[in-house]
Amino acid sequence: SEAKFELQQRLAPVSTLQADFVQQVIDPQGELVQELQGRLAMARPNKFFWQSDAPNELVLVADGTTLYYFDPFVEQVTVAEQQASATQSPFLLLLDGETTAWADYEVEVEGNSYQLEPNAEAESQQSLQINFTDETLNEVILDDGQGQLTRIVLSNVKTNSALAGATFEFEIPPGAAVDDQRGDNE
Amino acid sequence: CAAAPPEIPQSAIDRNAAERHQQAIASLTDWSISGQLALFNRVEDDRDAVYLEWQHAPGEMRLRFYHPLKGTLARLEEDLTGATFFDEEGQPYYGVTAEQLIARIFNFQLPLQLLSEVITGRRPDGAVQLSYQLHDLDGKPYATLNRYLVATTSEKWQVELSNYQAEQSYLMPHQLELISPEWRIKLKVSQWKL
């Protein structure tokens, strides 16, 4: 669709992006049920880093082929094929303008706000809203269709600055169990 | 943050401080929490975790299991008439109790009844080998329960409660562990609503 192409074009000039984020989960009763803050970084088309601050230090790293997700509360690192993990974060879709996952969505646009509705075969049934202020990606909203909304608001957004390679490397913390899901679903 | 108060065995505890806390929380029958539940199978070294919201009232409980980025995963409701589990698509499954439904659907004995009794810090009947922590609230000593053993019909559990903080006028735990020979269940409470 016209709007999908326009959104992909808006993302095209971004080769790297880094930002602080605040992620808020609103429950079906409209109550704020979780708030995380942290930093994220992207190197398009396939590298992503996301870390939330204490006391919930969660880490998600996609190095182009493998996705690592560490949750200290569960004392475990989950390792999965990046291609099979699109639902782990909406930013994984925004990373790559050509990824097949775009085919899962119908896109409509209103000014700086893009509404992505999943079609029937989409793996994730969440609808997404991607908002820009001027030319900068500013906010991603996920709606699960059952009343839960998750708002991820970006600040201090810097695009196309150099990012250290190590940003997208993940080291398995000592003592953490590893749940390697690669090759689970052939 | 300040180190947790030291652990005091039952014998040394000031009985009034222990009773004062138990009486304070005895009236707490309506509460809700949001947080994260982690289930460790100690036999097969398998583990799983889920975020949850849990509303509890006498004879009634409502749970919503969710993931911040994947949305609502399931809902579970129980009242005096029975229990209903709704899967990700909202498909209902019926049962007598929430605990039975979870056991049937996930073949895992999540001791929801015991969890709902111990999460508030209340001393369940039959609890033994108790140890406490001493706190000061409005100038009075309160002894909160932080470790003990208790048995349900199917399992013996070691219960550990920690990270007590004042919530309105109550001292509430924000971390709970239930350990049995086969399972380790961790519950982290990020929000209490009383």
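The values are calculated or read from the model by the stated rules, or taken from the named source; none is laboratory data. These figures come from a predicted structure and were not determined experimentally. Neighbour counts are summed over all protein chains in view; Cβ atoms, including those assigned to glycine, are modelled from backbone coordinates with ideal geometry. Areas reflect the complete protein model, heavy atoms only, side chains present, ligands, DNA and RNA absent. Shrake-Rupley method; radii C 1.70, N 1.55, O 1.52, S 1.80 Å.
Partner shielding of B:59-69 amounts to 5, given as the average count of beta-carbon atoms from other chains within 10 Å of each residue beta-carbon. In chain B, helices alone account for a calculated mean residue ellipticity at 222 nm of -4000 deg cm²/dmol, with every DSSP H run of four or more residues adding -39,500 (n - 2.57).
Averaged over peptide A:141-147, the number of partner chain Cβ atoms lying within 10 Å of each residue's Cβ comes to 4. For A:Gln126, no residue whose modelled amide H falls within less than 5 Å of its own remains once neighbours fewer than 5 places apart on the same chain are excluded. The fraction of accessible area contributed by carbon and sulfur in region A:34-186 is 46 percent, rounded to a whole number (1.4 Å probe; ligands and nucleic acids excluded). Using only protein heavy atoms and a 1.4 angstrom probe, determine the accessible area buried between B and A, summed over both sides, in Å² to the nearest 100. Result for this pair: about 2200 Å² buried. The residues of chain A have, on average, 48 Å² of accessible surface per residue, using a 1.4 Å probe with all protein chains present. Peptide A:26-37 has a mean shielding of 4, counted as Cβ atoms of other protein chains within 10 Å of each residue's Cβ. Counted over all Cα-Cα pairs of the protein assembly as shown, pairs farther apart than 36 Å make up 31 percent. With the gyration tensor restricted to C-alpha atoms of chain B, the semi-axes of the equivalent ellipsoid amount to 30, 18, 16 Å, longest first.
Could you work out the relative contact order of region B:102-194, using alpha carbon pairs under 8 angstrom and six or more residues apart, expressed as a whole percent? The normalised contact order for region B:102-194 reaches 17 percent. In region A:58-186, one over the average inverse separation of all distinct C-alpha pairs is 16.5 Å, which is the Kirkwood hydrodynamic radius. By definition, a body whose alpha carbon gyration tensor gives a ≥ b ≥ c is oblate when a/c is 1.5 or more and a/b is not larger than b/c, and region B:8-49 fits this oblate description. Mind checking the per residue accessible area of chain B for me, 1.4 Å probe, whole number of Å²? In whole numbers, chain B has 49 Å² accessible per residue.
Could you please put A:Glu2, B:Glu167, B:Glu182 in sequence from largest to smallest accessible area, using a 1.4 Å probe?
A:Glu2, B:Glu182, B:Glu167
Annotation: amide H of A:Gln37 within the under-5 Å range of A:Gln23, A:Asp53, sequence separation 5 or more or interchain, hydrogens built in the peptide plane. Taking all Cα pairs closer than 8 Å and separated by 6 or more residues, the relative contact order of chain A comes to 25 percent. The Cα atoms of region A:63-113 cover 43, 22, 16 Å along the three principal axes, with the biggest extent listed first. Across chain B, C-alpha contacts under 8 Å between residues 6 or more apart give a mean separation that, scaled by the residue count, equals a relative contact order of 23 percent.
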